[in-house]
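The values are calculated or read from the model by the stated rules, or taken from the named source; none is laboratory data. Note that this is a predicted model, so its numbers are computed, not measured. A quick note on method: Cβ atoms are made from the backbone with ideal geometry, for glycine too, and the neighbour counts reach across all protein chains shown. Note: areas computed on protein heavy atoms with side chains; ligands, DNA, RNA excluded. Shrake-Rupley method; radii C 1.70, N 1.55, O 1.52, S 1.80 Å.
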Amino acid sequence: MTDQLKKNIHVIVATGVWNLDNLRYRRHRFAEYLSKLDNTEEVIWVCPSTEMPNESFVILENGIKEFHVPDLHKNRVFRFARYFDIFNQKHLNKLVRYLESKSEYTHYLWYTFPGFPYLGDAHNWTKVTYDCSDLWATSMTGSKNLILKLREESILSAEKRIIIRADTVFCTSDFLHENVLKITGVNKNKVNTLENGVEFALFTKDDSSKVDYDLEINNGPILGFIGGIKPKLDFALLSSVMEARPDWDLLLVGPDGTNGDEDFVALKNLKNVKWIDKVPPTEVPAYMKKIDIGILPYKQSIYNQAVFPLKLFEFLAVGKPVVGMNLPSTKKYAEDNVFEYIEDVTATAFISKCERLYEEKEEKIKRRIKIAKQKDWNIIFSKMVDGVIGKN
């Protein structure tokens, strides 16, 4: 039987267990996309984990198989082991033996973070692909110390090994694309840019579901950010904005990943700021429809130069105007009353942009939705699959 007639097993190397923080990233959507293809036999989600199940595989509700690779310890410091063969090859060999017992299928390996480089060399894969979505070795906070330096070197070494091994590399931003091309020995012809998209049908359906939303409504606009609350966001700037405009409201929805950041604590304690912890992904559109202006309040940092936020096209899909900053990858999408990009970031400039967008929020709704529709995940993922496997 030729490879074209065989069904496919897809192995996806992910950052954590499927429901780690109740957020849906690009890798989650891609795994589900692959699982629905006619020529897919199974999808295996390989992930680091601090707790090991009794069975080799955990079958998720969506039918995807989860394969856990044990961390050395629950403490974050020990995560360096994910990038060294000696600490995980014994366990990964269990997966390799399983795949070898499935020789009647073609086997595709998809890295979505640079962990477990051993896996790329341990099996005779049909194709190996690296989907690069972050500057993984760079700290979000910009902090520098000996531990972070060792972490950076470990990740960079593993990532280089994966990139050189890969048959195809996809990058979610032009910055990441250029960064990959700096690696000595990389074949530039195998590197492509495919930015993040939106689950268009989910964000545009008529959703009348009620959400946990008791923010006191003032007379001004409701600003909103919905996603992981992490150190890459500029909480100090947002505090300045909300203190200057007590008649405005700010809604933040998402799990707190700041590790007690003082600026975030100060922000969420303001009377006109409401923070809601993680919510089911299916409810995210309903929360977005409650706000007037979507915000992408990122800090200026090396890490953020590489970021292409998932939320840009999600806000646009529900018809909301967006204000963003310190995200060079998004500047190409700047358009009046659709996505306003702030070059010289100050609280005054941020307030001015929001004031004008609030006055004109009912304009260009169709234009915003049209842009988002062109970035549907199905369009993006079909390009990825066509580039690696061929037309289905």
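Residues being open to solvent by less than 10 Å² (accessible area, probe 1.4 Å) and in contact with a strand residue (DSSP E or B) (Cβ under 8 Å, 6 or more places away or on another chain): count how many of those fall in segment 158-169. Before the answer, list the steps.
First, the residues of segment 158-169 that are open to solvent by less than 10 Å² (accessible area, probe 1.4 Å): 158, 162-163, 166, 169.
Still in the list and also in contact with a strand residue (DSSP E or B) (Cβ under 8 Å, 6 or more places away or on another chain): 162-163, 166, 169.
Adding up the residues that qualify gives 4.
Out of the strands (runs of 3 or more DSSP E) lying entirely within segment 264-372, which hold 1 or more residues that are open to solvent by 60 Å² or more (accessible area, probe 1.4 Å) and under 18 Å from residue 235 (Cβ atoms)?
Numbers: elements: 273-276, 293-297, 322-325, 339-342.
Fully inside segment 264-372 and qualifying: 273-276.
Would you mind finding the one in 121, 134 that is open to solvent by less than 50 Å² (accessible area, probe 1.4 Å), farther than 20 Å from residue 40 by Cα and of a type in the set (D, E, K, R)?
Details: 121 fails: open to solvent by less than 50 Å² (accessible area, probe 1.4 Å).
Residue meeting the stated conditions: 134.
Return a yes/no flag: does segment 176-198 have any residue that is free of Cβ contacts under 8 Å to residues at least 40 places away in the same chain, touching a Leu at 6+ places or on another chain (Cβ under 7 Å) and either within 27 Å of residue 313 (Cα to Cα) or part of a helix (DSSP H, G or I) (or both). Step through it out loud before you land on a result.
Step one: of segment 176-198, the residues free of Cβ contacts under 8 Å to residues at least 40 places away in the same chain are 177-178, 181-191, 193.
Remaining after also requiring touching a Leu at 6+ places or on another chain (Cβ under 7 Å): 188, 191.
Those still in the list that are either within 27 Å of residue 313 (Cα to Cα) or part of a helix (DSSP H, G or I) (or both) too: 188, 191.
Checking segment 176-198: at least one residue is free of Cβ contacts under 8 Å to residues at least 40 places away in the same chain, touching a Leu at 6+ places or on another chain (Cβ under 7 Å) and either within 27 Å of residue 313 (Cα to Cα) or part of a helix (DSSP H, G or I) (or both).
Cβ-Cβ under 9 Å, sequence separation 6+ or interchain: first residue in segment 24-45 and touching a residue at least 40 places away in the same chain (Cβ under 8 Å) and open to solvent by less than 40 Å² (accessible area, probe 1.4 Å), partner assigned to a helix (DSSP H, G or I) and of a type outside the set (A, V, I, L, M). Which pairs?
Between residues of segment 24-45 that are touching a residue at least 40 places away in the same chain (Cβ under 8 Å) and open to solvent by less than 40 Å² (accessible area, probe 1.4 Å) and residues that are assigned to a helix (DSSP H, G or I) and of a type outside the set (A, V, I, L, M), the close pairs are 26/377; 29/377; 29/381; 30/377; 30/381; 34/381; 44/98.
If we scan segment 2-17, do we find a residue that is assigned to a strand (DSSP E or B) and loosely packed, with under 15 Cβ neighbours inside 10 Å?
To start, the set of residues in segment 2-17 that are assigned to a strand (DSSP E or B) comprises 8-13.
Then keep just the ones that are loosely packed, with under 15 Cβ neighbours inside 10 Å; that gives none.
Within segment 2-17, none of the residues are assigned to a strand (DSSP E or B) and loosely packed, with under 15 Cβ neighbours inside 10 Å.
Out of segment 164-197, which residues are under 19 Å from residue 307 (Cα atoms) and among the hydrophobic types (A, V, I, L, M, F, W, C)?
So in segment 164-197, the residues under 19 Å from residue 307 (Cα atoms) come out as 169-182, 191-197.
If the condition is that a residue be under 19 Å from residue 307 (Cα atoms) and among the hydrophobic types (A, V, I, L, M, F, W, C), then 169, 170, 171, 175, 176, 180, 181, 191, 194 are the ones that fit.
What residue, of 78, 67, 87, is among the aromatic types (Phe, Trp, Tyr), buried (at least 17 other Cβ atoms within 10 Å of the Cβ) and over 18 Å from residue 123 (Cβ atoms)? Before the answer, list the steps.
Details: 78 fails: buried (at least 17 other Cβ atoms within 10 Å of the Cβ); 67 fails: over 18 Å from residue 123 (Cβ atoms).
Testing whether each residue is among the aromatic types (Phe, Trp, Tyr), buried (at least 17 other Cβ atoms within 10 Å of the Cβ) and over 18 Å from residue 123 (Cβ atoms) leaves just 87.
Would you point out the residue of segment 232-263, among those that are open to solvent by 10 Å² or more (accessible area, probe 1.4 Å) and assigned to a helix (DSSP H, G or I), that is farthest from residue 276 (Cα to Cα)?
244
Is there a residue in segment 145-166 that is assigned to a loop (DSSP other than H, G, I, E, B) and closer than 23 Å to residue 26 by Cα?
First, pick out the residues of segment 145-166 that are assigned to a loop (DSSP other than H, G, I, E, B): 145, 166.
Adding the requirement that they be closer than 23 Å to residue 26 by Cα leaves 166.
Looking for residues that are assigned to a loop (DSSP other than H, G, I, E, B) and closer than 23 Å to residue 26 by Cα, one finds at least one in segment 145-166, hence yes.
If you take the residues in segment 141-157 that are over 13 Å from residue 77 (Cβ atoms) and touching a residue at least 40 places away in the same chain (Cβ under 8 Å), which one is least open to solvent (accessible area, probe 1.4 Å)? Steps first, please.
Our first condition is that a residue be over 13 Å from residue 77 (Cβ atoms); within segment 141-157, this holds for 141-144, 149, 152-153, 155-157.
Subset that is touching a residue at least 40 places away in the same chain (Cβ under 8 Å): 141-142, 155, 157.
On the way: 141: 82, 142: 52, 155: 1, 157: 74 Å².
Restricting to residues being over 13 Å from residue 77 (Cβ atoms) and touching a residue at least 40 places away in the same chain (Cβ under 8 Å), the top hit is 155.
Could you count how many residues in segment 46-64 are of a type in the set (Gly, Ala, Ser) and surrounded by 18 or more Cβ atoms within 10 Å (Cβ to Cβ)? It would help to see each step written out before you state the result.
Quick first cut of segment 46-64, residues of a type in the set (Gly, Ala, Ser) only: 49, 56, 63.
Then drop every residue that is not surrounded by 18 or more Cβ atoms within 10 Å (Cβ to Cβ), which leaves none.
Matching residues across segment 46-64 total 0.
Kindly list, by first and then second residue, each pair from a residue in segment 46-65 that is under 16 Å from residue 31 (Cβ atoms) to a residue that is among the aromatic types (Phe, Trp, Tyr), limited to pairs with Cβ atoms under 6 Å and residues at least 6 apart or on different chains.
46/67; 57/67; 60/18; 64/45; 65/57
Kindly indicate the residue of segment 373-392 that is closer than 15 Å to residue 316 by Cβ and in contact with a strand residue (DSSP E or B) (Cβ under 7 Å, 6 or more places away or on another chain) and also most open to solvent (accessible area, probe 1.4 Å) among those meeting that condition.
375
Has segment 79-100 got any residue that is without any contact (Cβ under 8 Å) to a residue 60 or more places away in the chain, farther than 26 Å from residue 169 by Cβ and within 23 Å of the chain's Cα centre (by Cα)?
no
What is the number of the single condition among (1) farther than 19 Å from residue 6 by Cβ; (2) of a type in the set (Phe, Trp, Tyr); (3) assigned to a loop (DSSP other than H, G, I, E, B) that residue 125 does not meet?
(1) is the only condition that residue 125 fails.
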